[in-house]
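Enquirer: One structure, as C-alpha cells, below. Some questions next.
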C-alpha cells in the first residue's frame, strides 16, 4: 500500500502490520529559502523512508510579517530563535497590530512557496502536513514572553481584537495549505500548558481562536494538534477536531494509551524528543516497547513528541527504526500465537 493509504488506515484504527514512523527537525541555514528547504525536506523523507512529512518551517515565521526582527543564530547549535524587536512594547500596541492579507504577506507567501515546491517534488506520494502556529502562540511570540501580563491588562479588549486579526490571517493560511494539496495542518499550540496559562484564560484567549483556524482546515484529512511543552491542558485539548494528537510524550502526561483512550484520536508520538537528541538508547528502546505494546500497534504513528533539535545523530534515527521493526515483528508473532490457541 502507498503511504497515503497507510496513514488513512491507521487513522481509521486498523492494524496494518506495521507502525508508521516519522520525525522532523529544523534546518536553520536554509529554512528561509523555499527552493533549498523543499529539496532538503524531500531528501530527509527519502533518506529515512518516512511515512509522513511535517514541513520544516522556522519557528518564528508567523511573526515576521508584523515587522519582528528575529535572531536565528542559536538554532544551528541546538538552541532556539529569539525575537529581538517586536511591534508590541506595551499593552496599547495590541490595538494597532495590523490586519495582514495573505496575498501581500511576503513571509507567509514564502512559506506557501516552500509548501508548493515540496508538494510538487513529491507528487502525492506521501502525506504532508504544514506547520501552522495557533493565534495565541503567535501573540505570545510578539509579546516576547509577556503574554500573561497582557492578558491581565486586557480590560479594553485590545488583545482580543489583535487575536481576531491574527486568527483571520492564520485561518486563511491554513485553508490555502489544504487547497494546495497538504493532507492537513500541524497545528502547533505553544501556550497550551498549565505552566504558562490557566484553563480559564485559555478558554477565553486560546480555544475559541484555535477552533476557528481548525475549521478553516476542515477539508484536511490528517490534521494534527501539537500541544507544546510540559503539563499540557489535556482536558481542554482532548476534543479538538483533529485526526492526530501530538505532545511532549514522556515529558508531560498523558501517557500514549491514556491520550488515545480520552481523545479517540490517532497518536502522533511515542518518543521523547530529548532522548533522541541525547542518544539515550535504552530509554528509546523502552518507549518503543511501551507505545507499541500498550496500543497493540493500532492508532499510532511513531514520532518524537516535538522537533528533533539540529544537528541530530543519524545512528539514533536508524536505531529507532530498527527497534520499531523488531517490535512490530514480535507483536505480529504474539498475535498469531493467540489466534492459534
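Enquirer: For the stretch 1-48, which residues satisfy the criterion of being in contact with a helix residue (DSSP H, G or I) (Cβ under 9 Å, 6 or more places away or on another chain), free of Cβ contacts under 8 Å to residues at least 12 places away in the same chain and part of a loop (DSSP other than H, G, I, E, B)?
Expert: Within the stretch 1-48, 30, 33 meet the criteria.
Enquirer: With (1) part of a helix (DSSP H, G or I); (2) closer than 20 Å to residue 301 by Cα as the list, and residue 245 as the residue in question, which single condition is left unmet?
Expert: (1)
Enquirer: Return the residue satisfying two criteria in turn: it lies in the stretch 192-213 and is in contact (Cβ under 8 Å) with a residue 24 or more places away in the chain and part of a loop (DSSP other than H, G, I, E, B), and of such residues it is surrounded by the fewest Cβ atoms within 10 Å (Cβ to Cβ).
Expert: 195
Enquirer: Pick out the one residue from 159, 100, 56 that is part of a loop (DSSP other than H, G, I, E, B) and farther than 26 Å from residue 309 by Cβ. Full working, then the answer.
Expert: Working: 159 fails: part of a loop (DSSP other than H, G, I, E, B); 56 fails: farther than 26 Å from residue 309 by Cβ.
When all the criteria are applied, what remains is 100.
Enquirer: Continuing with this model, one more query. Pick from 333, 338, 326, 314: which is over 24 Å from the mean Cα position of the chain (by Cα), surrounded by fewer than 22 Cβ atoms within 10 Å (Cβ to Cβ), modelled with pLDDT of 95 or more and over 13 Å from residue 22 (Cα atoms)?
Expert: Answer to the check: 326.
Enquirer: What about residue 73, is it surrounded by fewer than 20 Cβ atoms within 10 Å (Cβ to Cβ), farther than 20 Å from residue 177 by Cα and modelled with pLDDT under 95?
Expert: For residue 73, the condition - surrounded by fewer than 20 Cβ atoms within 10 Å (Cβ to Cβ), farther than 20 Å from residue 177 by Cα and modelled with pLDDT under 95 - is met.
Enquirer: Out of the residues in the stretch 214-227 that are out of contact with any strand residue (DSSP E or B) (no Cβ under 6 Å at 6 or more places or on another chain) and assigned to a loop (DSSP other than H, G, I, E, B), state the one that is surrounded by the most Cβ atoms within 10 Å (Cβ to Cβ).
Expert: Ranking the qualifying residues of the stretch 214-227, first place goes to 221.
Enquirer: Sticking with this structure for a sec: Looking at the stretch 47-56, is at least one residue more than 22 Å from residue 319 (Cβ to Cβ) and touching a strand residue (DSSP E or B) at 6+ places or on another chain (Cβ under 6 Å)?
Expert: yes
Enquirer: Which condition does residue 84 not pass, out of (1) closer than 21 Å to residue 308 by Cβ; (2) part of a strand (DSSP E or B), if it passes all the others?
Expert: Going through the list (1) closer than 21 Å to residue 308 by Cβ; (2) part of a strand (DSSP E or B), residue 84 breaks only (1).
Enquirer: Go through the residues of the stretch 300-308 one by one and say whether even a single one is touching a residue at least 60 places away in the same chain (Cβ under 8 Å), assigned to a loop (DSSP other than H, G, I, E, B) and either closer than 25 Å to residue 222 by Cβ or more than 20 Å from the chain's Cα centre (by Cα) (or both).
Expert: Yes.
Enquirer: Within the stretch 171-191, track down each residue that is part of a helix (DSSP H, G or I) and either within 18 Å of the chain's Cα centre (by Cα) or closer than 24 Å to residue 161 by Cα (or both). Outline the logic, then answer.
Expert: Filtering the stretch 171-191 down to residues part of a helix (DSSP H, G or I) leaves 171-180.
Passing the criteria: 171, 172, 173, 174, 175, 176, 177, 178.
Enquirer: Oh, and also: Against the condition modelled with pLDDT of 95 or more, assigned to a helix (DSSP H, G or I) and either within 30 Å of residue 276 (Cβ to Cβ) or out of contact with any helix residue (DSSP H, G or I) (no Cβ under 9 Å at 6 or more places or on another chain) (or both), how does residue 51 come out, does it pass?
Expert: So residue 51 fails the test.
The values are calculated or read from the model by the stated rules, or taken from the named source; none is laboratory data. Keep in mind it's a predicted model, so treat the numbers as computed, not measured. Neighbour counts run over all protein chains shown; Cβ positions are idealised from the backbone, glycine included.
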